[in-house]
Amino acid sequence: MLYGQNLPWRAALQQAARSGSSLTRYTASSSSTLYRAYSISLTRRPTRLARCGNQFYASINSRSFSTSLSRRKEKPSKPTQDSQEPREEQSNEPREESKEPRDVECEAEGLEAKSKAPEPIPSSKSSDGRGTSSGGSGGESGAGGSDGSGKKRKTADRSLTKPTIPEVYPQVMAIPIGKRPLFPGFYKAITIKNKEVAAAINEMMKRGQPYIGAFLLKDDEADKDTIESMDDVYNVGTFCQITSAFPVSQGDDSAMTAVLYPHRRIKMSSLIAPNCSDTDDVAGKDETTAVEATLGESATREPESDEKKGDVVASFEENTTESQKPVYYYEPTSFLRDRPVSIVNVENLVEEPLDKKSLTTRALVSEIVNTFKEVASLNPLFRDQISTFSMSQNAGNVGEDPGKLADFAAAVAQADSNELQEALESMNIEDRLSKALLVLKKELMNAQLQSKIVKDVESKIQKKQREYWLMEQMKGIKRELGLESDGKDKLLEKFKEKANKLSMPEAVKKVFDEEINKLAHLEPAASEFNVTRNYLDWLTQLPWGQRSAENFGIQHAMKVLDEDHYGLKDVKDRILEFIAVGKLRGTVEGKILCMVGPPGVGKTSIGKSIARALNRQYYRFSVGGLSDVAEIKGHRRTYVGALPGRIIQALKKCQTENPLVLIDEIDKIGRGHNGDPASALLELLDPEQNNSFLDHYMDVPVDLSKVLFVCTANMTDTIPRPLLDRMEMIELSGYVADEKMAIAEKYLAPAAKELSGLNEVDVELTKEAIVELINKYCRESGVRNLKKQIEKVYRKSALKIIQDLGEEVLSEEKALTEEGKVAQDEAEKDKTDVKETPPNIENETTEKPRIALKVPDSVHVRINKDNLQDYVGPPVFTSDRLYDTTPSGVAMGLAWTQMGGAALYVESILENTLSYSSRPGLERTGNLKAVMKESALIAYSFAKGVLAREFPKNRFFEHARIHLHCPEGAVQKDGPSAGITMATSLLSLALDTPLDPTIAMTGELTVTGKVLRIGGLREKTVAARRAGAKMVIFPDDNLSDWLELPENIKEGIKGRPVRWYSDVFTEVFPNLDREAANSLWEKELKKQKSIKEEGRAIADLDGEEAEEEER
């Protein structure tokens, strides 16, 4: 927009050319409003009315008057505001200069003193007697009023004025602004979320007083619409006019968007809390009108000099002493006092004088302009903003107003809030230019970096596009020349090439050809294309006809097995037999082995040793808890994300037809709604069927007969019988103390020492300490717990060495590598939470951050039996057996558990005193299950029969109430093998004869006294030796099992096979006095019998006396 089009006199001429009727209505309304206001004012001041009545009527009859403050005439100043500033055509009470009747040209001349700015918003309620603009803006009154004769004045005599922004506005509503301050002359849209603040803005807009103070929050993260304390904001802000306000969303009044136009800088002097009065206010005063406020200001000003008498002011006060009386000032924000909003007292800030001829100022302006040019060349958005700003300057030269240029630079640049606030607070133009140049230079650097990034990205994209275009051209040329085919043809060739290297069976070859032909006729975009491609990929990745060279050397196998395991002679012999057959036949097809034993005895590791001995590929997967048949048989190809079963995946991984597949925890396989996996294993583990195993995904027969399957289980009770029948069982019993000792010395201790970093340190774990660990800490069948305890000993030793030597000898500086030190420094700079991955994690990591530290040779640590408790704590088991000397009724039996064998004691006691009148009974406790409860009843009946047959005078069971208990009630107990132990316990109580505590027994008992076969004799023998037994009584049917036991297990233990319980009775009661046992309870029972006979004799005597009396 050209400068001349915005001149105030031209605006005045344009305003004069508007419709006269509108102006007549407006001025008439204004005149009547002022008349009412004056009437109210004069009513409140009767004394003053008497003095100046003539002046009052003279003013009413005058052509034009104004209530604005008197001012001296000024030369027209050049407008500096943007051409796009909001403008209002009319205002209910606009401000004008009081003057004598003049023509339009003269009136327009006075308008040139007004600065160009957005016009005040007219009030919708002009008749309420309040100011519509501010305390500093007066009201406009046209010449539409009537004189005493009622004659209307001419339109040409009307005074044309342009509303202006109040120059003085001492009290405003304050709104805190976040992130960036507002600079004069540049619009800013804010969002108001506080309902009370939004309502106050609406009220201000209705009253025609849309002025607020905008102050920057010190906390950039804060978001609020009221100021609670002056410390929350900077005290320098801007005086802003609300040009428009509207709700954020239609129908929602909770949030408002307000467009602000800052006019000048202001400084906050004090904060008025909501619902409170200013300290300068006088409580109890009536609210005054806008006219009264204006009159008060005029009255309190000093007499004007001759230079200020150019304008005529409508003042009705005479220059008397009464004019110095206190007057009531109008507060433009008084209607906001009842609202919870922030009201502040402010004062205008005046810029320091500027010497435009200063070389420093010119240099700063020139540098800012040059920087703007550089930024505009890099950032199109800046280019548009600079263009708009340049057009808004009146003379077309941005250097004429350096302050405005500095404000523009700070307003558009991206910088920290404190830097922008410093530019706002600077009233020295040179200082403001320097600070604006600083933030603008930062913006230039940001734009240059952004431009560099954009150019790099564009160059890479162009390079990729060029390469892609050239490659497509090359492909097209080769395709035309027949040198290369498209992607699908290349894929087909790859599949055919892989199939030619395999020895596919005929059935598989036929399916492969069909799928290849199908893929050739499918479009790559079709969904079936990916399904067929994945199927062909699996089909060509299986090792059809590919086998690894096996090693059937017996010596090699023995060496490998001895390196990995100690003892287990029967297991190793069975494996060597298996290998010998393979050596003679050339293959070991059709074998499924199942290792059964307690945890920690080395079942899984034996499977790995077999694979190493045979030079076969090893693959392990666990079926514990498996409940989906698809894990074994695979998914149908129609399902999304379908995969073959685990066996097909094993063949793909091993790339051989004869791997060793270890199926772990086969006794814990589950069953769910997706089928029974145990039944699916029947086909897999059957040597007669697995030569044509059919996977649901592959849908072609796969030969698994060359795969060696090894399964592991803790027990066979939960394995389905058909599945158990297909496997060859190899039982692994627990280790005895000697075997544990050898395993600890040969395998566990060296491995734990190296794992603890003490491989080159003199740390000795003596044999006595290992024996103490085995006897008092680790009595289980396996060696897993023993391994944990030995590792704990070495860990404690490492801690003790470091604590004794101190951190100075083994410092962190020596352990860290150069890369590790750099990574540690970066990690120390990172203050993020450990739960979150830092963004620069690559700087905090390295491939080898530390090295092992060498312990001095002077360190010597020896762990023996005496100081073992310092490393592993107090012993868990304090004695070898529960009873050192067993009382009558206590017998030691043997039980088999999943953890191996255990000593099971049976205790029997009398519940009541034995007497002739007591009744017999049997109570059983100890968490006994159904089979064991039946065994207790059988033993009770059998014991009564033995006592009645062998000791007829011993009537113990006829009158004794017995309680039979098995200790460790938290452990469930079941099985028939405790029959002879229960019978022995009951007979020991009946005969009142203690048993030898070193005798252990096991065997099922019938009611006739026959001792039947039991299982787990090896584990039970190990448990008996651990409990300190010297004799083990077992069924004669288990004699073959006893003979197969290793000598180290049977060493020191006498085995006594029995067929009938009479043999057991002879062993446990070798020196029994039968006569004493026959008459053992005769005294107790006889005493009870004599008392009864005496009672009967007395009764008979009484009867005889009665008969005599009757006679």
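The values are calculated or read from the model by the stated rules, or taken from the named source; none is laboratory data. All values derive from a computational prediction rather than experimental measurement. Note: ideal-geometry Cβ built from the backbone for every residue, glycine included; neighbour counts use all protein chains shown. Protein only, heavy atoms only, side chains kept; ligands, DNA and RNA dropped before computing areas. Shrake-Rupley method; radii C 1.70, N 1.55, O 1.52, S 1.80 Å.
May I ask you to list the residues in region 418-446 that are of a type in the set (A, V, I, L, M) and either in contact with a strand residue (DSSP E or B) (Cβ under 6 Å, 6 or more places away or on another chain) or farther than 22 Å from K373 by Cα (or both)?
L424, M427
Being surrounded by 14 or more Cβ atoms within 10 Å (Cβ to Cβ), at pLDDT below 85, of a type outside the set (D, E) and more than 30 Å from I429 (Cα to Cα) is a property that holds for I272.
Evaluated against (1) at pLDDT below 90; (2) not in a helix (DSSP H, G or I), P543 falls short on exactly one condition, (1).
Evaluate the following for S988: is it crowded, with 23+ Cβ neighbours inside 10 Å, out of contact with any Asp or Glu (no Cβ under 9 Å at 6 or more places or on another chain) and not hydrophobic (A, V, I, L, M, F, W, C)?
On the way: crowded, with 23+ Cβ neighbours inside 10 Å: yes; out of contact with any Asp or Glu (no Cβ under 9 Å at 6 or more places or on another chain): yes; not hydrophobic (A, V, I, L, M, F, W, C): yes.
Answer is yes for this residue.
Tally up the residues in region 683-705 that are in a loop (DSSP other than H, G, I, E, B) and open to solvent by 30 Å² or more (accessible area, probe 1.4 Å), please. Working first, answer last.
Our first condition is that a residue be in a loop (DSSP other than H, G, I, E, B); within region 683-705, this holds for 685-689, 695-700, 703-705.
After this cut, where a residue has to be open to solvent by 30 Å² or more (accessible area, probe 1.4 Å) as well, the list is 687-689, 696, 699, 703.
So the count comes out to 6.
Run down D884, D866, D830 and say which single residue is modelled with pLDDT under 85, under 30 Å from L773 (Cβ atoms) and charged (D, E, K, R).
D884
What residue, of S605, S609, S548, S622, is under 22 Å from D686 (Cβ atoms) and either hydroxyl-bearing (S, T, Y) or at pLDDT 90 or above (or both)? Unique residue meeting the criteria: S622. With respect to being over 23 Å from R1018 (Cβ atoms), modelled with pLDDT of 90 or more and either part of a helix (DSSP H, G or I) or of a type in the set (A, V, I, L, M, F, W, C) (or both), A752 fits the description. In region 878-890, the count of residues that are surrounded by 11 or more Cβ atoms within 10 Å (Cβ to Cβ), assigned to a strand (DSSP E or B) and more than 47 Å from the chain's Cα centre (by Cα) is one or more.
Against the test of being surrounded by 14 or more Cβ atoms within 10 Å (Cβ to Cβ), of a type in the set (D, E, K, R), touching a residue at least 12 places away in the same chain (Cβ under 8 Å) and not in a helix (DSSP H, G or I), the options E760, E847, E780 yield a single qualifying residue, E780.
When Y916 is tested against (1) closer than 30 Å to E1004 by Cα; (2) touching a Lys or Arg at 6+ places or on another chain (Cβ under 9 Å); (3) hydroxyl-bearing (S, T, Y); (4) open to solvent by 60 Å² or more (accessible area, probe 1.4 Å), just one condition goes unmet, and that condition is (1). Each residue in region 561-608 was checked for being of a type in the set (A, V, I, L, M, F, W, C) and either more than 22 Å from Q898 (Cα to Cα) or open to solvent by 60 Å² or more (accessible area, probe 1.4 Å) (or both), and 10 pass.
If the condition is being over 44 Å from the mean Cα position of the chain (by Cα) and in a helix (DSSP H, G or I), then region 425-456 contributes E425, I429, E430, D431, R432, L433, S434, K435, A436, L437.
Considering (1) free of Cβ contacts under 8 Å to residues at least 12 places away in the same chain; (2) surrounded by 20 or more Cβ atoms within 10 Å (Cβ to Cβ), the lone condition that L626 does not fulfil carries the number (1).
Being open to solvent by 60 Å² or more (accessible area, probe 1.4 Å) and under 30 Å from I516 (Cα atoms) is the filter here, so list the residues in region 533-560 that pass it. It would help to see each step written out before you state the result.
So in region 533-560, the residues open to solvent by 60 Å² or more (accessible area, probe 1.4 Å) come out as 533-534, 546-547, 549, 555-556, 558-559.
Once the filter is applied, which keeps residues that are open to solvent by 60 Å² or more (accessible area, probe 1.4 Å) and under 30 Å from I516 (Cα atoms), region 533-560 yields R533, N534, Q546, R547.
Any idea which of L662, L651 is under 28 Å from S548 (Cβ atoms) and either part of a helix (DSSP H, G or I) or open to solvent by 30 Å² or more (accessible area, probe 1.4 Å) (or both)? Only one candidate passes the filter, namely L651.
Restricting attention to region 507-532, the residues that are open to solvent by less than 50 Å² (accessible area, probe 1.4 Å) and not acidic (D, E) total 10.
So, A507, is that one more than 30 Å from G545 (Cβ to Cβ), in a helix (DSSP H, G or I) and in contact (Cβ under 8 Å) with a residue 60 or more places away in the chain or not? So A507 fails the test.
Considering only residues that are open to solvent by 10 Å² or more (accessible area, probe 1.4 Å) and not in a loop (DSSP other than H, G, I, E, B), which ones fall in region 706-729? Listed by number, the residues that qualify are R721, P722, L724, D725, E728, M729.
Let me confirm something: among R961, R919, R955, which residue is among the basic types (K, R) and at pLDDT 90 or above? Give the steps one after another, and end with the answer.
Working: R919 fails: at pLDDT 90 or above; R955 fails: at pLDDT 90 or above.
Result: R961 is the single residue among R961, R919, R955 that is among the basic types (K, R) and at pLDDT 90 or above.
Residues in region 428-444 that are within 21 Å of N379 (Cβ to Cβ) and of a type in the set (A, V, I, L, M, F, W, C): A436, L437, L438, V439, L440, L444. Of all residue pairs spaced 6 or more apart or on separate chains, those with beta-carbon atoms under 6 Å, a first member in region 898-917 that is under 12 Å from H965 (Cα atoms) and among the β-branched types (V, I, T) and a second member that is open to solvent by 40 Å² or more (accessible area, probe 1.4 Å) and at pLDDT 85 or above are I909/H963. What residue, among those in region 629-645 that are among the β-branched types (V, I, T) and buried (at least 20 other Cβ atoms within 10 Å of the Cβ), is nearest to A713 (Cα to Cα)? For region 629-645, the residue satisfying everything is I632. All of (1) in contact with a strand residue (DSSP E or B) (Cβ under 6 Å, 6 or more places away or on another chain); (2) crowded, with 20+ Cβ neighbours inside 10 Å; (3) of a type in the set (A, V, I, L, M) hold for L786 with one exception: (1).
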